[in-house]
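Novice: This is the structure I have questions about; it appears just below.
The values are calculated or read from the model by the stated rules, or taken from the named source; none is laboratory data. Nothing here was measured: the structure is a model prediction, and the numbers come from that model. Every residue, glycine as well, gets a Cβ built from its backbone with ideal geometry; the counts of neighbours run over all protein chains shown. Side chains are part of the model used for accessible areas, which takes the heavy atoms of the whole protein and leaves out ligands, DNA and RNA. Shrake-Rupley method; radii C 1.70, N 1.55, O 1.52, S 1.80 Å.
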Amino acid sequence: MSPDEWTAWALTRQLSPRGRVRIADQLGPDGYLNDYTATIPLTADAPTTPWAMPLTDDRGYFHYLCFDLDASHGNAVYDAGKLGHWLDELNIEHLVTKSGPTGGRHVWLSLCDGTEAAVVATIGHLAGQLLPSLDITPLKNPATGSVRPPGAPHRFSGHSEPIGSVAPLLAHSVTAEQLQALQIFLIDTGATVKLAPVTPIHGVSVDATGYPHLTGSKRTVSARVRELLDAAPADDTSATQAAVLAGCARARWRFADVLALLDVSPALEHTRTRRMPFGRVPRSSAEARRALEHAWRRAVEYVATNPISGDGSNTEFQTRAIATSAAIARVQTAADAMPGRWGLSGPNTTQRGTRGRFSHRAVLDALCLFIAQAASSTVEADQRRLSQVTGYSHEACRLALHALREPLTEDPESAWIVLVADAEGVHGAKYRLSAKFSTDQTDRKLLQAVTHPSQSPAADQRDWWINRLSLRLADLAHDVFSAPRSLGRKAGLTYSHLQVGNTLTVDLLTKATNLSASRIRRSLSRLHGYGLVERHVDGWARTIDDTRDAVAVQLQIDGYLVARAARYDVERARWAWWQADLIWLAKRGKKRRGRRSSTGVSLFAQNDRPDFPAYPRRNGRGHHREAWDLITAGALTRPRIIVQDEAA
């Protein structure tokens, strides 16, 4: 039997992580809308209208997960049963309620600790792919995400009726480890993670269908990988598949090549089937493809950032991932501890350059991102790549690199970064973090003062830093903050410190950015005027919908960074072409162009010039303007020649 309204209100008072709940908007004298804009305090009498309880506290941390299964979107009863079965398999306590007379269901999880919105949003994104009736809106909106609690009235009739005891909701027993297990289970069941926007990894291209692959021509896989493709998989099917996909990625295979093997190769058993307590059961074709897509993206990223010989395992990866993640944690902790170092307004240009600029911190974050992606202490970084990642000009990035490697004392290791090797030919300069960040000399108390990954597996720490740094840089590298006539860098810096549902006051923003209060207010005013942030009683937060692209169109600056990146690509190609031509001209014993075949088709190479045609010249000197025009016209783009098997 469902509780009466007074009992339901008492339960809401006991459960709610906030001091106010939302009540349904009135529609005429006796009806209600499915909108909950007004709020009332918990100290008030029980409302006569439907009410919804917030899932988060005032800081935006989730204390409850509620899977809102809507009968209008699918079979809510079936989806609730499926989700309940999964949670039982994982030993996760939960409560199922009949939401009302329309056949919907609510599946509640009560968390023992506040959980970050990003974790909950990821779980909602994954579950939404597997449960058609799921409305993920409450799970991705930490600011206003609310659901009617057990006993609350429905806008048509009836109440939200618990199926069983409400004890699981009062227990607050679901741990962070159980949420992680649920996320892994959903991925293994066929859902795919929505990856954060990361920077392009060096040496990785994307094919016409959007799948990544290593740049270069496809070649035959090694004998070991061929053997794995044809042999029965090991007991650990995931290890066999990982070795095979890594080998295929190193051989420059495309996803279409791997997909063709899905139904025939024993090595891909892990993707074709799903492990269950009683054995492996087949996945649907759509499920299997999604799982293979996710595994392929991970394999390409791993191979690109770990260029080693061999086909599968790298025994040094864990050690390198742990060491680089620890070094990144130390340098980020030190940088966060001195916000005044980044962007102090000195009385003159010289002092401002000496003390630091916001671009210096952005470049430092970008170098940390490259180190995390490569799991290597030394990385190659050219000014144009840094420009694409940070949104600053390549000249600003050049000055930032110079400032970051400037020692603070006579000791070269007192700088933030150290130059390992100068730029040479088509390769950029190589850098590493200062040795002081690669040892345990940093104060342990200082390290614990800043949020960073816990002692989790090396790959998890590395992924955490890749996502954190990528998201931070992506906030800044946008037309609306980087282009001429845009809202400006300081507005972008202010925007990057705000999050949806996590309000900050002007004082907190001043401390975080080291901008003056008046500068923060001007930035907030501009951001608010274009609908990018919103004001709350207790501070400022981002709007739920990210409308930066629309604002860029409104300001007539959309496409600025894309056009600049395209220009940089042409500059890189021209430089590589020029360097290749110089190397070829200096080569001794090179082949000269021979007589053209009478058929007009060259059966053998007519010269040994590598990859590039002759560089355009005038009066014996390189004609760089003509080279630019030829590159933009596609002179360096070779058409693909596909040779089909006669049997096909």
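Novice: Tally up the residues in segment 48-63 that are open to solvent by 30 Å² or more (accessible area, probe 1.4 Å), closer than 19 Å to residue 14 by Cβ and in a loop (DSSP other than H, G, I, E, B), please.
Specialist: 2
Novice: May I pose another question? Got at least one residue in segment 100-121 being among the acidic types (Asp, Glu), under 30 Å from residue 505 (Cβ atoms) and surrounded by fewer than 21 Cβ atoms within 10 Å (Cβ to Cβ)?
Specialist: Looking through segment 100-121, at least one residue is among the acidic types (Asp, Glu), under 30 Å from residue 505 (Cβ atoms) and surrounded by fewer than 21 Cβ atoms within 10 Å (Cβ to Cβ).
Novice: I need a count of the residues in segment 253-279 that are free of Cβ contacts under 8 Å to residues at least 24 places away in the same chain and among the charged types (D, E, K, R).
Specialist: Of the residues in that region, 2 qualify.
Novice: Which of the residues that make up segment 30-72 are of a type in the set (D, E, K, R) and within 37 Å of the chain's Cα centre (by Cα)?
Specialist: 35, 57, 58, 59, 68, 70
Novice: Going by what's in this entry, would residue 527 be described as touching a Leu at 6+ places or on another chain (Cβ under 8 Å) and either at pLDDT 90 or above or part of a helix (DSSP H, G or I) (or both)?
Specialist: yes
Novice: Of all residues in segment 112-124, count the ones that are out of contact with any Leu (no Cβ under 8 Å at 6 or more places or on another chain), in a helix (DSSP H, G or I) and closer than 15 Å to residue 180 by Cβ. Quick ask: steps written out before the conclusion?
Specialist: Applying the first criterion (out of contact with any Leu (no Cβ under 8 Å at 6 or more places or on another chain)) to segment 112-124 yields 112-114, 116-118, 122.
Filter again for in a helix (DSSP H, G or I), leaving 117-118, 122.
Then drop every residue that is not closer than 15 Å to residue 180 by Cβ, which leaves 118, 122.
Qualifying residue count, segment 112-124: 2.
Novice: Continuing with the same structure: Answer yes or no: is there a residue in segment 127-149 that is at negative phi, assigned to a loop (DSSP other than H, G, I, E, B) and surrounded by fewer than 17 Cβ atoms within 10 Å (Cβ to Cβ).
Specialist: Of segment 127-149, the ones at negative phi are 127-149.
If we keep only those that are assigned to a loop (DSSP other than H, G, I, E, B) as well, we get 131-133, 136, 140-145, 148-149.
If we keep only those that are surrounded by fewer than 17 Cβ atoms within 10 Å (Cβ to Cβ) as well, we get 132.
Yes, the conditions are met somewhere in segment 127-149.
Novice: Just to verify a result, which residue in segment 220-272, among those that are acidic (Asp, Glu) and open to solvent by less than 60 Å² (accessible area, probe 1.4 Å), is modelled with the highest pLDDT?
Specialist: If we take residues in segment 220-272 being acidic (Asp, Glu) and open to solvent by less than 60 Å² (accessible area, probe 1.4 Å), then 257 is modelled with the highest pLDDT.
Novice: Could you figure out which of (1) small (Gly, Ala, Ser); (2) under 28 Å from residue 187 (Cα atoms); (3) out of contact with any Leu (no Cβ under 7 Å at 6 or more places or on another chain) isn't true of residue 46?
Specialist: Going through (1) small (Gly, Ala, Ser); (2) under 28 Å from residue 187 (Cα atoms); (3) out of contact with any Leu (no Cβ under 7 Å at 6 or more places or on another chain) one by one, residue 46 breaks only (2).
Novice: Turning to a different aspect of this structure: Given the residues 535, 574, which is the only one that is open to solvent by 60 Å² or more (accessible area, probe 1.4 Å), modelled with pLDDT under 90 and more than 23 Å from residue 386 (Cβ to Cβ)?
Specialist: Numbers: 574 fails: more than 23 Å from residue 386 (Cβ to Cβ).
Result: 535 is the single residue among 535, 574 that is open to solvent by 60 Å² or more (accessible area, probe 1.4 Å), modelled with pLDDT under 90 and more than 23 Å from residue 386 (Cβ to Cβ).
Novice: In segment 64-79, which residue that is open to solvent by less than 10 Å² (accessible area, probe 1.4 Å) and outside any strand (DSSP E or B) is nearest to residue 176 (Cα to Cα)?
Specialist: Restricting attention to segment 64-79, the residues satisfying the condition of being open to solvent by less than 10 Å² (accessible area, probe 1.4 Å) are 64-67, 69, 76, 79.
Now drop any that are not outside any strand (DSSP E or B), which leaves 76, 79.
Values: 76: 27, 79: 24 Å.
It comes out as 79.
Novice: Another question, if that's okay. Can you name every residue in segment 30-47 that is in a loop (DSSP other than H, G, I, E, B) and touching a residue at least 60 places away in the same chain (Cβ under 8 Å)?
Specialist: The answer is 33, 34, 36.
Novice: Could you list, ordered by first residue, the pairs with Cβ atoms under 6 Å in which the first is in segment 318-338 and basic (Lys, Arg) and the second is part of a helix (DSSP H, G or I), at least 6 apart or interchain?
Specialist: Cβ pairs passing all conditions: 330/437.
Novice: Among the residues of segment 538-579, write down those that are of a type in the set (Gly, Ala, Ser) and touching a residue at least 60 places away in the same chain (Cβ under 8 Å).
Specialist: Listed by number, the residues that qualify are 541, 552, 559, 565, 573, 576.
Novice: Please verify whether segment 393-408 includes one or more residues that are farther than 26 Å from residue 482 by Cβ and surrounded by fewer than 15 Cβ atoms within 10 Å (Cβ to Cβ).
Specialist: Within segment 393-408, one or more residues are farther than 26 Å from residue 482 by Cβ and surrounded by fewer than 15 Cβ atoms within 10 Å (Cβ to Cβ).
Novice: Let me ask something else about it. Go through segment 544-557 and count every residue that is open to solvent by 90 Å² or more (accessible area, probe 1.4 Å), in a loop (DSSP other than H, G, I, E, B) and over 24 Å from residue 145 (Cβ atoms).
Specialist: Of the residues in segment 544-557, 1 are open to solvent by 90 Å² or more (accessible area, probe 1.4 Å), in a loop (DSSP other than H, G, I, E, B) and over 24 Å from residue 145 (Cβ atoms).
Novice: Here's another thing I want to ask about it. Where residues in segment 78-106 are touching a residue at least 60 places away in the same chain (Cβ under 8 Å) and under 12 Å from residue 154 (Cα atoms), which of them is farthest from the chain's Cα centre (by Cα)?
Specialist: 100
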